[in-house]
Each structure stands twice: as structure tokens, then as C-alpha cells.
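Trainee: Structure incoming, see below.
Throughout, read-outs are computed from the coordinates displayed, never taken from laboratory work. Please read all numbers here as calculations on a predicted model, not as lab measurements. Ideal geometry is used to build each Cβ from the backbone, glycine not excepted, and the neighbour counts take in all protein chains shown.
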Amino acid sequence: MSTITSSWTGLIFMVTKNYRDSYTRSLETPEEFWLEAAGRISWTNPPQRALDSSRAPLYDWFPDGVLNTSYNALDRHVAEGRGGQDALIYDSAMLGTQERYSYAELTDLVARFAGVLRSQGVGKGDRVVIYMPMIPEAAIAMLATARLGAVHSVVFGGFAPKELAARIRDASPAAVVTASGGIEPSRRIEYLPAVAEALGLAGARDTPVLVKAREGFAAPAAGHAGWLDWDTEMATATPAAPVDVKATDPLYILYTSGTTGAPKGVVRDNGGHAVALSWTLENIYDIGPGDIMWTASDVGWVVGHSYIVYGPLLAGATTVIYEGKPVGTPDAGAFWRVIQDHKVNVLFTAPTALRAIRKADPEAKLLDGYDISSLRTLFAAGERLDTDTFHWASRILGVPVVDHWWQTETGWAICANPRGLDGMPIKAGSPSVPMPGFKLNIVDGSGADVEAGTEGNIVLALPLPPGTLTTLWGNDERYISSYLQAFEGYYATGDSGYRDEDGYLFVMGRTDDIINVAGHRLSTGAMEQVIGQHPAVAECAVIGLADPLKGQRPSGYVVLKSGVDVPEEILVKDLIALVRRDIGAVADFKHVTVVEALPKTRSGKILRKTMRQIADGEDYVVPSTIEDAGVIDQLVGTLRPAAGRPGQSIVP
Ligand code: COA
Ligand code: AMP
């Protein structure tokens, strides 16, 4: 047991630091548990109630609370005397540069950029789309939007103009913030043509665009009348003060892959988000004021939102923005160099990054050149942390390696091993145990609980805890039909798994058409939509095959229209180029196989799971509802992997 003092009520709570007590209390007395957690936040109007269920199955956390998230992430720390402490360190392995921003400096930059946005007409509730590489201005734009009580929607830089356009169309932003370019190891990416194309596609050409110019990239072309230069605007900006918002007002929209081509706009509120993240920093990551947290992800993903930008800053810690890769920038020692240079206490990355390092430097010889003694814990998420990689990372680093499982929708870990609380051993292959407020069940297709050790659908009882999605942007019906209707009273995670006798979860994979490529969540349905547009394609299926580095890789199977006479190599190249053009390089779509027919049920459903099993060389069951069993025999001949690769797959 230890005590904390609530900063807004002056009340002294007895706070348990034991996992089982915390978890039990969060479910038995949620009002008390979450109001107590709310004491970590500085409120304009402290909430008197934790949960409003009057709109169930939609829920409102801290309905009477008023706050500003940007104030809590910045000004508050300056007011408390930490103005001189580093808030953000920018480390660019691509440029070989490092920059440090204190809390006072970052507060000033954010206030001034909020002034810039305000001068462009952005106000409370307006949307701002942010399409940027990993530079400090991305975080500044997010925090400035939050400062005005506006709503940001960050779009990952690896997405193509069409994907950006879909998000602009859905969010109808009052402004777009971008940079002139991003740097990938293999190429420099000009952002401005992509932004112009996306605005055109979305019919939003008049939207003001703020551009952070980067050396070596093209400036806005003539004719872009509403495009403004970041530095010029900042030079004369009037700083904007934080605007009070209701705890239930939206902070951001983050679009994520659904099973159809249309991305889902996950909505995060202000109050629940600030409370939940603050709780996690202390209790899951064991990070407090002055500690250094480095999350090697991208601000375009939820992991970046929660643990590059908001989480560490809400906690008064220092965050690291890293522009680079785990390998090749310049070598597989890059992560160890960053840990040493910035005395990182907690590293959070995706398993695929660890596998990439291991592949390049199996014995971690490059570690010898660095002092990583500051490192206390390594966290992994985004995909399952396979046991080989877990043991390897544990051995070479000599610190606890913690897998934790979550989703864009939940915003923070559903299951984790909380390092700030005592008492939970780590088990290889498991993200451990449910976090407070997540009442987790494993159910079969009919919604009945299954026994320990039996795999089923992982579901979470409603209401979900604070900080999780409140709805999908402008679309309560889609939120309810996508997540809440499959199992009465539960949120369906879309993942399957089982619990062992100790209550530890083991996540086995998705139950839908979402795949995970190098920690990037992608929709095979969206890729099928793109491929299906090709005039030679009669029908197609995209499935995620096992990949030793990236976890999964997309693989397309196409049936040609009868009478089509196109050389296969050309068709394959065309289809790969189409997916890259319409979804983006991040889809990593590089494999296409032409097949005679796709296996289907009599009702026309393509048997993607069976195809995946055949291609991955697993045992497979042919459903009795199959339309034509002969198609499977043909596929076995075509897809059966030889030397670990699908038989006839064409890899250009
Ligand atoms: N902007 C533009 N393009 C991008 C991009 C960005 N922000 N990020 C990736 N891409 C492009 C890459 O340049 C590459 O293009 P290419 O086909 O022309 O080479 C393509 O998308 C695939 O990139 P990536 O997935 O990064 O694969 P890779 O083979 O270059 O690198 C890893 C492999 C494992 C090193 C890399 O995927 C990685 O670091 N993964 C970790 C991901 C992560 O942190 N995810 C967050 C989840 S928590
Ligand atoms: P995203 O919304 O991009 O964070 O992707 C969420 C999905 O990634 C989850 O539904 C899981 O399928 C997968 N995932 C994330 N973290 C883990 C993990 N630790 N173990 C297993 N799967 C994970």
C-alpha cells in the first residue's frame, strides 16, 4: 500500500499497488476506482461522477468533468516547476541529428501553433488532419489542436493519397497540417503532391494547409493559394491559451482498418483518455516525472498517440521521437545507440522490429558498443511476441520483456504485466492478465463461456474502461453493429485466444479479415477492393500468410475473366502497383498468384482460412458446405509451400 494526494481535491487516498487488488476494485467499485485515478489530472471542473450509462450501450466517462488535455500534458508541468526538464527529444537517424525541447519550450511552440491554427479559423470541435513524418512538429500539431479543443486526425505517412482522401472526406477538417517530405532509407517521399491529390479527390481543395518545410523537398507548387509555411506563420503567431472542453468531448479520431475498405474512425474523448493514460504510465510502465520513455513506433498509429505523445507528457516524463528504423539506419545497433544517448528507461516497440534486429545481429554483438544500463523494461505490442523473440530479447537485454495486447480501439493495454504494481510473473507467449476495467471473457460462437485452455472469441464486458473508444466518428450505428452486436453485453475484440489456469491470456490471431504486417494493421478487404478494379480480374482473395520477419504478409489470389489474355508477369506487376498506388507502400503487397478458381461455400463465401492453411502448409479442413471440392485439389497443387514458400507464388 502507498498513498497519493489528489491534486484537485487535496484528498488523501489509500492506493493499492497490488495487481489483484487493483483489478478487483476496478470491477467491484468502478466509480471509486476511476474517480481516484482522475486525481492524477488537473481539471477545471473536477468530475463528481465517473460513469454515465444513460446512453448505453454508449458510455460517457467523467460526464461533469472539464479540462484541457494539452494543458495537462504541458503547462501543468511548467507550473509545477518542471519547465526546464526535457519534454521531447527528437532523434533522427535519417539526418544524424538530435534536438531537445524542454517543457517550457514545447509549451510555447504548441501555444503558438495553436494560435496559427486559430488564425486559420480552427476552433473547438473542428477537425484538423495531420499527415506528417516522425518530426517534432507532428506532436506539436497534435497538442496545438487539443489546446484549442479541436479534434485531430493523424494519418500515417505510408498511406497513399486515396487513403488520405477517404479520411479527409469523413472528418471534413478545417485545416490540414503536413510537412514537405518524409525520409525512408530507400527513398525520399514528397508529401505535397500527395496532399494536393487527396484534397482534390475529397473535394476539399479550399482547406487551409500548413506546411513544415524540410530541407531538400519541394515547396508548395504555385496555385496552392491556401498553403502556408509553418515557420513564417509561427514567427508572428499569437500564443493561444488552453480551451476548456468537456471530458466527453472528442480529442481525436484515428482511422483504422476494418473488414471493409472503409476505415473506421475511432473516437477518443478528452477526460477518459487523460485519466486512463496517466494510470497506465504509473502502473503499467512504471514511468513518472523525469523518466525517459521511448516508443519506437509512429505518431500515425495508436501506439504513437498514446505513448509517443500523450502518455509520457501527461506523466511529466520525457518522450523520444525517433525518425529511423531498427536496422539499416545505419545498422542493427540503432536502438541501443538511442537508449544510450538519451538514457532511456523504458523502450516500447513492435516484435517485428526485434526480429529485424535479431536477423541482422543474431548474437547482438553490436550491443557491446553501447551502455544501455538505464533501460529498466522492454514493452512489446502490435502483434504477438513470439516466444523465440521473447527469450532472445530477455537474454540479450537482461531486463523484463513485457508483451501487452491492445488495439487502436482500446487506446491502452487490455492485457499487460503491470510493472508499477507488484506480483505478476511473466509467461512467455502471453500478454499476461487483464488491466483494470477490462472484464475479459472467452466465448464460443454462441456467446457461451469456454473453459480454461479452450480457444474462443475474446470479448470484453460493457462498459469498457475510460480511454477506450466512445464511438466511430459520426456513426454510432456502425460502432454498435461492428463491435457490440455479435455478443450481447460485450465488445467483440476480433481476436481469438484462450486463458490458462492462472488466468493468463494467449492471443492466437484475428477472427476477421484484418492482418498485421510488420506491426501495421491492414485490411485484406481493402486490398481486394483495389485488385477487383483491374479489368482482367474476375474475382480475388487476399490472405495474410505467416512471415518470419513481419509476422504476416499479404498474398493475393486472382481468377482471370474468361478470354483475358495478359502475360502473368505483367498482370502481377500491375496489381502490385495498383495496391501501392491506392493504399500505400505500407501495405507491403508483393505477392500475387493466378489461380483457376477460388474455393467457396455454396452461399458464395470465399474460404480464406482454408486457403491460408494450405499456403502456410498447415492441416486444413474442407467445410462440408464447399461448393466444389475439386477447387481445393487444384489449390493444393498451386499453393502447397515448397521450402517454406507457396508453390506457384510469383515474387517480382
Ligand atoms: N512513410 C512512407 N512510406 C513508408 C513509411 C512512412 N512513414 N513507413 C513505411 N513505409 C514504406 C517503406 O518505405 C516500404 O516501402 P518500399 O516497399 O518502397 O520499401 C514499405 O512502406 C514497407 O515498409 P516497412 O513495413 O517499414 O518494411 P521494411 O521492410 O522497410 O522494414 C521493419 C521492416 C521490420 C524494419 C519495419 O517494418 C519496422 O520497423 N517495423 C516496426 C513497425 C512499428 O513500429 N509499428 C508500430 C506498431 S506498435
Ligand atoms: P492495432 O489496432 O493496429 O493496434 O492492431 C490491433 C490488433 O493487433 C489486435 O486486435 C491484435 O490482433 C494485434 N495485436 C496487438 N498487440 C498484440 C499482442 N501483444 N499480442 C497479440 N496480438 C496483438
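Trainee: Once you keep just the Cα pairs under 8 angstrom separated by 6 or more residues, what percentage relative contact order results for the chain?
Mentor: Computed value for the chain: 11 percent relative contact order.
Trainee: If you don't mind, there's one more thing I want to ask. Would you kindly state the longest site-free stretch of the chain, with sites defined as GluC sites (Glu not before Pro) in a DSSP loop (not H, G, I, E, B) surrounded by at most 13 other Cβ atoms within 10 Å?
Mentor: Result, exposed sites excluded: 1-214.
Trainee: Starting from the eigenvalues of the Cα gyration tensor, five times each then square-rooted, give me the equivalent ellipsoid semi-axes of the stretch 44-199, largest first, whole Å.
Mentor: Three semi-axes, in Å: 29, 24, 14.
Trainee: Which residues' amide hydrogens lie under 5 Å from the amide hydrogen of Val594, considering only partners 5 or more residues apart or on another chain, with H built in the peptide plane?
Mentor: Val558
Trainee: Further, regarding this structure: Would you kindly calculate the translational diffusion coefficient of the stretch 354-398, applying Stokes-Einstein with the Kirkwood radius from alpha carbon pairs, for 25 °C and a viscosity of 0.890 mPa s, and quote it in µm² s⁻¹ without decimals?
Mentor: 215 µm²/s
Trainee: Please list, in order along the stretch 502-516, the HN-Hα scalar couplings obtained from phi with the Karplus expression 6.51 cos²θ - 1.76 cosθ + 1.60 (θ = phi - 60°), rounded to whole Hz, x for Gly and Pro.
Mentor: Here the 3J(HN,Hα) series is 8, x, 7, 8, 10, 8, 9, x, 7, 9, 10, 9, 8, 10, 10 Hz.
Trainee: Okay, moving on. Taking H placed 1.01 Å from N in the peptide plane, check which residues at least 5 places from Val66 or on another chain put their amide H under 5 Å from its amide H.
Mentor: For Val66, the qualifying residues are Thr44, Asn45, Ala247.
Trainee: Moving to a separate point now. Please state the charge dipole magnitude for the chain, taken about the Cα centre, from unit charges on C-beta atoms (+1 on K and R, -1 on D and E), reported in debye and rounded to the nearest 20.
Mentor: The calculated dipole for the chain is roughly 640 debye.
Trainee: Measuring from centroid to centroid over Cα atoms, what is the spacing of the stretch 225-243 and the stretch 384-400 in Å?
Mentor: 45 Å
Trainee: Then there is this: May I ask you to list the trypsin sites (Lys or Arg not before Pro) in the stretch 596-630 that are in a DSSP loop and have at most 14 other Cβ atoms within 10 Å of their Cβ?
Mentor: Hits after loop and neighbour filter: Arg602, Lys605.
Trainee: So how far, in whole Å, is the C-alpha centre of the stretch 143-181 from the one of the stretch 431-481?
Mentor: About 29 Å separates the Cα centre of the stretch 143-181 from the one of the stretch 431-481.
Trainee: Another question, then. Can you list, largest first and rounded to whole Å, the semi-axes you get for the chain by taking the square root of 5 times each eigenvalue of its Cα gyration tensor?
Mentor: That gives 38, 30, 25 Å for the three semi-axes.
Trainee: Can you grab the distance from the C-alpha centre of the stretch 482-552 to the C-alpha centre of the stretch 50-71, Å, no decimals?
Mentor: 31 Å
Trainee: Turning to a different aspect of this structure: Quantify how much of the Cα-Cα distance distribution of the stretch 244-401 extends past 24 Å, in percent.
Mentor: Looking at the stretch 244-401, the distances longer than 24 Å represent 38 percent of pairs.
Trainee: From the square roots a ≥ b ≥ c of the eigenvalues of the alpha-carbon gyration tensor of the stretch 508-589, which class results: rounded (a/c under 1.5), prolate (a/b over b/c), or oblate?
Mentor: prolate
Trainee: Which far-off residues, 5 or more places away or on another chain, put their amide H under 5 Å from the one on Ile414, with H placed in the peptide plane?
Mentor: The list, which skips near neighbours in sequence, is Trp405, Trp406, Gln407.
Trainee: Hey, could you get me the Stokes-Einstein D for the stretch 431-503, Kirkwood radius over alpha-carbon pairs, 20 °C and 1.002 mPa s, rounded to whole µm² s⁻¹?
Mentor: Translational D for this selection: 165 µm²/s.
Trainee: If each residue's Cβ is checked for other Cβ atoms within 10 Å, how do Lys325, Lys561, Lys264 rank with the fewest at the top?
Mentor: Lys561, Lys325, Lys264
Trainee: Same structure again: Return Tyr498, Tyr252 ranked ascending by Cβ neighbour count within 10 Å, so the fewest neighbours appear first.
Mentor: Starting with the residue having the fewest Cβ neighbours, the order is Tyr498, Tyr252.
Trainee: What residues from the stretch 230-248 fall in the zone where the backbone N is under 20 Å from a label point 7 Å along the Cα-to-C-beta line of Ala219?
Mentor: Label zone hits: 230-237.
Trainee: Per residue of the stretch 437-450, what does 6.51 cos²θ - 1.76 cosθ + 1.60 with θ = phi - 60° give for ³J(HN,Hα)? Whole Hz please, x for Gly and Pro, Karplus curve as stated.
Mentor: Once rounded to whole Hz, the list reads x, 9, 8, 9, 10, 10, 10, 7, x, 8, x, 7, 4, 10.
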